[in-house]
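Down below is the structure, laid out as C-alpha cells.
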Amino acid sequence: MKVIVLGAGILGVTSAYQLAKSGHEVTVVDRQPGPALETSFANAGEVSFGYCSPWAAPGIPMKAMKWLFMKHAPLILRPKLDLAMLSWMARMLSNCTSERYALNKSRMLRLADYSRIALAELRTETGIAYDERMQGTLQLFRTQQQLDASAKDVKALAADGIPYEVLDRDGCIRVEPALRHVRDKIVGGLLTPKDETGDCFKFTNALAAKAEALGVRFAYGTTIKALDVEAGRVRGVITARDGDRERERMSADAVVVALGSYSPLLLKPFGISLPVYPVKGYSLTIPITDAARAPESTVMDETYKIAITRLGDRIRVGGMAEISGYTNDLGLARRSTLEHSVTDLFPGGDVSKASFWCGLRPMTPDGTPVIGPTRIIGLFLNTGHGTLGWTMSTGSARLIGDLVSGRTPEIDAKDLAVSRYG
C-alpha cells in the first residue's frame, strides 16, 4: 500500500521503517528540516522497560499539591482558560486509583517489554550506534518513605515478570560507584537491570537513513494542513511547503498520525476526540569532565523526578512536568532545578557548559499511548507516549506495521486503541 506517516520523530521514523520492511511505499512528512528535531531531540535518554509507570497514581493529587509549593518542584502548573487542559486534568485525576493504576501500568509494561525485544532485534539487524548502554535504571530514594512506597511498583514488576532488585545504600553504590561521594544523602533504590540508555536523536537519524535505503521518502520542510477524508475513508493529506502558499494533495491508502502533542489538533475536525495534551519537559546536556564522578547508566532522582543519564562523553539531565499548553519558552527556574539535582548527587561537573532544552511530551490521562485504527478507514494513530516515546517506540512501530498490513499483532493491542476513550 501507499502509506503516509505524519511526523519524523522517534515514533514516526520507527513506524516508517517497519512499514517499509512490510513492503509498503512510505512517505514521511514533517515541518522540520530533518528527523527528531522536536520532542525526540534531547530527551532524558533513558530506555525504561522496567521503570515505566503512569503519572496518574494513588496519592498523586496530594503530592501534586505539595510539589506546587516546592522551590525545585517536579510539577509546574500554569492554569489557563483551556477546555482541553481542564478536561485532560480531570481525566487524569480519575485515573489516580489503585485499580486504574494497576491496569494502566500493566498495559505500559506489556508494550515496554515488547519494545525491549524489538529494539534488541533492530540493533542486531541494522548495527546502528547511538551511545547505547545496557546497565539498567536505578530509581534512587533519599528517604525511607520513598523506599517503602516503591512496594506497589515492585508488586507490578513481579506480576509481569520484569526483573528488579531492591537495594540498600551499599547496593546503590555498587551499581553506581560515583554515589559513594554522597552516600549519606540516599537510603536505597530500586534497580531495573534490563533498562537501557541511549541518544534518541542519534538513533532516530541513523534509523531514518536505514529507512531511506529501504525506499522511504522524507518530505521535510512540509506543513501538514489537513487530512483528506472522503466517505469515511482517508484518501491522503493536504500539505504546503515552507514559504509556498499553494497546497498539495498527497494521496495514500493509509495514514499514520505520529505527531505527538499536535495529533489532537489534526484529528478534531473529523470528530475524533484524542485526549493527548502537551506536558513540557526540560533537559540539560553536560560534557563529562571527570568520568569517575559521572553516572554509569540512568539514576532516577525520585525526590525531583529527574533522570540523570550517561550518554557517551555527556550527561543528560531530564525531567519535570510543566502543564502550560503549547509553549516552548525556556524558564530559567527549571534549569536551576536540573542543576540542583545533578550537582547534589554527582558533584564536580561543570554545569556552566551545559546546553538547555525543552520539549512537549504528548501525555494521555491514563499514561498509556494510543496505537491503532480509528473509525476513519485507513487512518491509524501512534501517539500519546508521554515520557516513554523512546522506550516504547520500537514495539509501537511493530504494532503499527502489523495493524496497517492487516496482520494480527504479536501482543494484545486492543486496549491501546483510541476507542478505549469512548
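Only residues that are over 24 Å from Trp55 (Cα atoms), open to solvent by less than 10 Å² (accessible area, probe 1.4 Å), out of contact with any helix residue (DSSP H, G or I) (no Cβ under 6 Å at 6 or more places or on another chain) and assigned to a helix (DSSP H, G or I) were counted across the range 373-403, and they come to 0.
Regarding Arg123, is this residue in contact (Cβ under 8 Å) with a residue 12 or more places away in the chain, under 20 Å from the mean Cα position of the chain (by Cα) and surrounded by 15 or more Cβ atoms within 10 Å (Cβ to Cβ)?
So Arg123 fails the test.
Taken over the range 161-176, the criterion of being in a loop (DSSP other than H, G, I, E, B), surrounded by 15 or more Cβ atoms within 10 Å (Cβ to Cβ) and without any contact (Cβ under 8 Å) to a residue 60 or more places away in the chain is satisfied by no residue. Checking each residue in the range 224-234 for being surrounded by 15 or more Cβ atoms within 10 Å (Cβ to Cβ) and either touching a residue at least 24 places away in the same chain (Cβ under 8 Å) or within 28 Å of the chain's Cα centre (by Cα) (or both) picks out Ile224, Leu227, Val229, Val234. For the criterion of being out of contact with any helix residue (DSSP H, G or I) (no Cβ under 8 Å at 6 or more places or on another chain) and modelled with pLDDT of 95 or more, Val234 passes. Inside the range 181-195, can you point out the residues that are over 19 Å from Thr303 (Cβ atoms) and open to solvent by 80 Å² or more (accessible area, probe 1.4 Å)? Answer for the range 181-195, where residues must be over 19 Å from Thr303 (Cβ atoms) and open to solvent by 80 Å² or more (accessible area, probe 1.4 Å): just Lys194. Kindly provide the set of residues from the range 73-100 that are modelled with pLDDT under 90, under 22 Å from the mean Cα position of the chain (by Cα) and open to solvent by less than 50 Å² (accessible area, probe 1.4 Å), ordered by number. Within the range 73-100, Ala73, Pro74, Leu75, Ile76 qualify. Looking only at the range 36-56, filter to residues that are under 17 Å from Glu296 (Cα atoms) and open to solvent by 10 Å² or more (accessible area, probe 1.4 Å); which one of those is modelled with the lowest pLDDT? Restricting to residues being under 17 Å from Glu296 (Cα atoms) and open to solvent by 10 Å² or more (accessible area, probe 1.4 Å), the top hit is Tyr51. Close Cβ contacts (under 7 Å, 6 or more residues apart or on different chains) running from residues in the range 135-156 that are over 13 Å from Pro58 (Cβ atoms) to residues that are among the aliphatic types (A, V, I, L, M) and part of a helix (DSSP H, G or I) comprise Leu138/Val175; Phe141/Leu147. When Lys155 is tested against (1) open to solvent by less than 60 Å² (accessible area, probe 1.4 Å); (2) under 21 Å from Arg110 (Cα atoms); (3) in a helix (DSSP H, G or I), just one condition goes unmet, and that condition is (1). Quick one: in the range 101-120, of everything that is of a type in the set (Gly, Ala, Ser) and more than 22 Å from Lys155 (Cα to Cα), which residue is most open to solvent (accessible area, probe 1.4 Å)? Going through the qualifying residues, I end up with Ala120. Candidates in the range 319-356 are the residues that are acidic (Asp, Glu) and part of a helix (DSSP H, G or I); of these, the one that is least open to solvent (accessible area, probe 1.4 Å) is Asp344.
Here Pro362 qualifies as modelled with pLDDT of 95 or more, open to solvent by 10 Å² or more (accessible area, probe 1.4 Å) and not in a helix (DSSP H, G or I). Selection over the range 128-149 of residues that are open to solvent by less than 40 Å² (accessible area, probe 1.4 Å) and either on the phi > 0 side of the Ramachandran plot or under 22 Å from the mean Cα position of the chain (by Cα) (or both) gives a count of 7. Only one of the listed residues (Arg316, Arg310) is within 18 Å of the chain's Cα centre (by Cα), over 15 Å from Gly386 (Cβ atoms), modelled with pLDDT of 95 or more and open to solvent by less than 20 Å² (accessible area, probe 1.4 Å). That residue is Arg316. Here Leu19 meets the list (1) aliphatic (A, V, I, L, M); (2) buried (at least 20 other Cβ atoms within 10 Å of the Cβ); (3) touching a Leu at 6+ places or on another chain (Cβ under 9 Å) almost entirely, failing just condition (3).
Residues that are aromatic (Phe, Trp, Tyr) and open to solvent by 20 Å² or more (accessible area, probe 1.4 Å) within the range 255-289 comprise Tyr262, Phe270, listed in sequence order.
The values are calculated or read from the model by the stated rules, or taken from the named source; none is laboratory data. Keep in mind that this is a model prediction, so the values were computed, not measured. A quick note on method: Cβ atoms are made from the backbone with ideal geometry, for glycine too, and the neighbour counts reach across all protein chains shown. For accessibility, only protein heavy atoms count, side chains too; no ligands or nucleic acids. Shrake-Rupley method; radii C 1.70, N 1.55, O 1.52, S 1.80 Å.
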